[in-house]
Amino acid sequence: MPQWLSLMIESLPSLLWACMVFTVPLTLLSFALGLGVGFVVALTRLFAPGPLVMLVRFYVWIIRGTPLLVQLFLIFYGLPSVGIVLDAFPAALIGFTLNVGAYTSEIIRAVLVSVPKGQWEAAYSIGMTWRQAMYRTILPQAGRIAVPPLSNTFISLVKDTSLAAAITVPELFRAGQRIVATSYEPLILYVEVALIYLVVSSVLSSLQARLEKRLSRYGGYIEAAS
Amino acid sequence: MITLEHIHKSFQDNHVLKGVSLVVPEGGVTALIGASGSGKSTLLRCVNLLEVPQSGRVRIDDAVIDFSPGGKVPRNAILALRRKTGMVFQNFQLFPHLTALENVMESLVTVLKWPQEKARARAMELLEKVGMVAKADAWPANLSGGQQQRVAIARALAPTPKVLLCDEPTSALDPQLAVEVVEVLAQLAREGTTMLMATHDLRLAATIASNVVFLDSGDIVEAGPARQVFGAPADERTKRFVSTLTAQTTL
Ligand SMILES: Nc1ncnc2c1ncn2[C@@H]1O[C@H](COP(=O)(O)OP(=O)(O)O)[C@@H](O)[C@H]1O
Ligand SMILES: [Mg+2]
């Protein structure tokens, strides 16, 4: 067996372990929490009174206007100066959640307003409350439109979690760096790390395609059909 | 019985309804006719409060709401009154993510909290009535306009409203598809469904309306039995409008 292959096989378990124990949970948790933040922010921007709208717009402006790496450093290395000390994983989780929240809020806001106003009226006309109309009529339709852009956010997020290495989270990329430090084989190891990211994002892309296909079963809007 | 009293509705400085008073008798069909922009849709939407009037009174049976400028109306009162109505929209507005059957079941399950099976049985009955049982499991996008509108009628009837509000139910349809919708509405009229219907469709109005109300720039110019308003209109404007309708129909 060539030496590069045996090195790859040897390091695979620790890389996969880092992936399963840090990369995947960090991705899933921050995406789920970020979606929640994004939904609340989107609803605030659409329906809340002025001052609250200003507040969430400020949040989105800050997050979208500054580098993710800088945000992570601020949370992990900066906050201790004001007495807030966080472990690496929670710090990364907060950073990624805030990031996902800001970006997905824009997506969610856009898909919510893209559902025709007549659908709200139809929901109201059969006696629904605002909440029922939102959850039963508007969200299911908006959700379907949101699948492609949200999937893109999700797949980017998987790769972006490698930035957590910079604040010492022992995720996939950092696990690779560690092995490089002892084996002095950066090319082999980073190719291997890259391949693992590639496999994960490819699997996610194919899941996304299947989900889109499933959701497209009911055709388009009525306007498009008549 | 549905009673509107002195309804005023403006959009910014566009005074659309100028103190409209109207009684919709129970068990009859009241056709609302008038030129485009005369306020027919707005009037219908003031009955189920999709539009909230600036002033006036809306009464359906025992539910009454008084509107006054600056006055606050509790959301529950609006909801209670609205739940006595059903609405059929010009462009159908079926829920595209639900099948025909699920569209009809939606109010029963979500609003009235009926169990699935009971809701399904009632929805099937209504689909039967509008001749859409065969398409119960179809997606709205796969139905013709006429079929969609018939499902929309069943959806509006599901919670047994006191009045069915129809906003030009046939005007988005080709004439041959409009026929099937007219037939369904005529059947409902024979069964004594109370309806208030904005329409440009003279055939629809003439075949099923018992009363006609002519609206001109937000004022009711003439109201009375269909035969009288169509046959011997008293007001000059009504005369002119009825003759344009007749001219269109003979084309
Ligand atoms: N949501 C709205 N916002 C502003 N103006 C409106 C709105 N709805 C209706 N209008 C105006 O009210 C007037 C009457 O419209 P409408 O009730 O739709 O008339 P009709 O149904 O008889 O054609 C029109 O001038 C229209 O532009
Ligand atoms: Mg109209």
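Here are a few things to note about the model shown:
- Looking across B:A234, B:A209, B:A189, one residue alone is open to solvent by 10 Å² or more (accessible area, probe 1.4 Å), among the small types (G, A, S), more than 23 Å from A:E121 (Cα to Cα) and over 13 Å from the mean Cα position of the chain (by Cα). It is B:A234.
- Condition met for B:A172 (in a helix (DSSP H, G or I) and not aromatic (F, W, Y)): no
- The single condition among (1) part of a helix (DSSP H, G or I); (2) modelled with pLDDT of 95 or more; (3) within 16 Å of ligand 1 (Cβ to nearest atom) that B:C166 does not meet is (1).
- Of the helices (runs of 4 or more DSSP H) lying entirely inside region B:48-156, those containing at least 1 residues that are among the acidic types (D, E) and either open to solvent by 60 Å² or more (accessible area, probe 1.4 Å) or under 25 Å from B:G27 (Cβ atoms) (or both) span B:100-106, B:116-129.
- Filter result for B:G37 (open to solvent by 30 Å² or more (accessible area, probe 1.4 Å), of a type outside the set (V, I, T) and within 16 Å of ligand 2 (Cβ to nearest atom)): yes
- Odd one out for B:L49 among (1) within 26 Å of B:R227 (Cα to Cα); (2) away from ligand 1 (no atom under 11 Å from the Cβ): (1)
- Among the conditions (1) outside the structural domain of B:V52 (by TED's automatic domain parsing); (2) part of a helix (DSSP H, G or I); (3) out of contact with any strand residue (DSSP E or B) (no Cβ under 8 Å at 6 or more places or on another chain); (4) at pLDDT 95 or above, B:L177 misses just one, which is (4).
Every residue, every condition in (1) hydrophobic (A, V, I, L, M, F, W, C); (2) touching a helix residue (DSSP H, G or I) at 6+ places or on another chain (Cβ under 8 Å); (3) open to solvent by 60 Å² or more (accessible area, probe 1.4 Å); (4) not in a helix (DSSP H, G or I), yes or no:
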site	(1), (2), (3), (4)
A:S162	no, yes, no, no
A:A175	yes, yes, no, no
A:A181	yes, no, yes, no
A:A194	yes, no, no, no
A:V199	yes, no, yes, no
A:S202	no, no, yes, no
A:S205	no, yes, no, no
A:K213	no, no, yes, no
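- Only residues that are more than 20 Å from A:Q208 (Cα to Cα), more than 8 Å from chain B (Cβ to nearest Cβ) and open to solvent by less than 50 Å² (accessible area, probe 1.4 Å) were counted across region A:124-156, and they come to 3.
- Residue within region B:84-91 that is within 16 Å of ligand 1 (Cβ to nearest atom), under 29 Å from B:P140 (Cα atoms) and touching a Cys at 6+ places or on another chain (Cβ under 8 Å) present: yes
The values are calculated or read from the model by the stated rules, or taken from the named source; none is laboratory data. Since we're looking at a predicted model, the values are computed, not measured. Quick reminder, even Gly has a Cβ in these numbers, built from the backbone with ideal geometry, and neighbours come from all protein chains shown. With ligands, DNA and RNA removed, areas are computed over all heavy atoms of the protein, side chains included. Shrake-Rupley method; radii C 1.70, N 1.55, O 1.52, S 1.80 Å.
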